[in-house]
Amino acid sequence: MEDDVFTIDNLEIHKKDNFVIISVNPKMYSLEVIYSAAYTFIDRAYILIEGNPSEEVLIQIRPKTSNINPEILGREFNNELLNYMVYMQRTLKSQSIREAIMLRVLNINPQVKPSSSVPNTGSEVYIEDPEKIAKPWRPHD
Amino acid sequence: MINMKVIANEEEKHVLISFDTKFYPYECIYKAIQDFSGSCFSNIKGNQESPIVILKPKSDEINLHNLGYEFYNYVLGIIKNEGKVQDIIKKFE
C-alpha cells in the first residue's frame, strides 16, 4: 500500500488525493441506513457508493473543498450510520403506536351514511308513525 | 480497492462516469441525464449492469472532475428523494 494511504478501523484514508473510503458491512447497517447517511454529506462532499450490496459496501467520500479533513468526514459518516440505525429501529418500534394514533384520528369524526331503510321524506327529521296519528304541531290547533 | 469511476478527458473536454446499477438504478441515471441536459451534451454507453455516462459541458468554465462527482451526488439525491432505496433492497432479498 502506498505511503499516503493508511487504514484506521473501517476507514481507508487517501491523504494525497484527499478522500476516504469507508467499508460498511450491509448485515450491520441496511442499505436504507447507508443511503440516508450518505445523503446528509452531499452538501460538503462527493459521494460514490460501490461494492457488493450483500457483503461489503464501499462509500467513497471526497470533500468538495481541500480544507475539510477526509478522516473527520469518515468518522462523521460512521456516526451518521449509527444515528440512522437508531432512528430506523425507533421508527419500527413505534410503528404500531403511530398506526393506532392515525386510525383514531381518522375515526374521531365518522361520516355516517344515512340508512337505506329510512325513506327520504324531504324533511330533516324522520319519525316512525305506523298508526298514522302524528300531526305537525301548530300553536293554535 | 476502488476503481476510477470518474475519468475526465481534458483534451476532448468530456467526462466519463461509470455506474454500478446494483447501487444506482438505471432509471435514476436517465433522470439525472435529462436534468443535466440543459448544461451538458450527454451520451450513454456500456451495458445494462454498468452504464457509462459521457457528459460534455456546453460551457468551458465547468470543471470536468467536479461535474462527474456532482452528477454522482445528483443521482444519489434522486434515489433518496424518489424512494428508490426500497427497490434496490428488494433486488437483493
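Readers should treat all values here as calculations from the given coordinates under stated rules, not as data from a laboratory. Only a predicted model underlies this, so the values are computations on that prediction, with no experimental measurement involved. Cβ atoms come from the backbone with ideal geometry, glycine included; neighbour counts cover every protein chain shown.
Data table
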{"quantity": "Fully extended contour minus Cα-Cα distance, from residue A:69 to residue A:107, at 0.36 nm per residue", "calculated": "8.4 nm"}
{"quantity": "Lysines with Cα under 28 Å of residue A:132, excluding same-chain neighbours fewer than 8 positions away", "calculated": "A:113"}
{"quantity": "Debye, to nearest 20: dipole size of chain B, +1 on Lys, Arg Cβ, -1 on Asp, Glu Cβ", "calculated": "260 debye"}
{"quantity": "Net length gained if the chain between residue A:7 and residue A:95 were fully extended (0.36 nm per residue, minus Cα distance)", "calculated": "27.8 nm"}
{"quantity": "Computed magnitude of the charge dipole of the protein assembly as shown (debye, nearest 20; Cβ of K, R +1, Cβ of D, E -1)", "calculated": "760 debye"}
{"quantity": "FRET efficiency estimate (nearest 0.05) - Cβ-Cβ, residue B:4 to residue B:41, R0 25 angstrom", "calculated": "0.70"}
{"quantity": "Chymotrypsin sites (Phe, Trp or Tyr not before Pro) lying in DSSP loop within chain B, provided at most 15 other Cβ fall within 10 Å", "calculated": "B:92"}
{"quantity": "Kirkwood-Stokes translational diffusion coefficient of the stretch B:5-91, alpha-carbon pairs, 20 °C, 1.002 mPa s, µm²/s", "calculated": "164 µm²/s"}
{"quantity": "When each of A:27/B:56; A:15/B:58; B:58/B:91; A:64/B:80; B:13/B:91; B:22/B:45 is checked by Cα-Cα distance, pairs over 28 Å", "calculated": "A:27/B:56; A:15/B:58; B:58/B:91; B:13/B:91"}
{"quantity": "Convex hull volume per residue for the protein assembly as shown, taking Cα atoms only, in Å³", "calculated": "273 Å³"}
{"quantity": "Most fluctuating residue given options B:63, B:47, B:73, as computed from a GNM of chain B linking Cα atoms under 10 Å", "calculated": "B:47"}
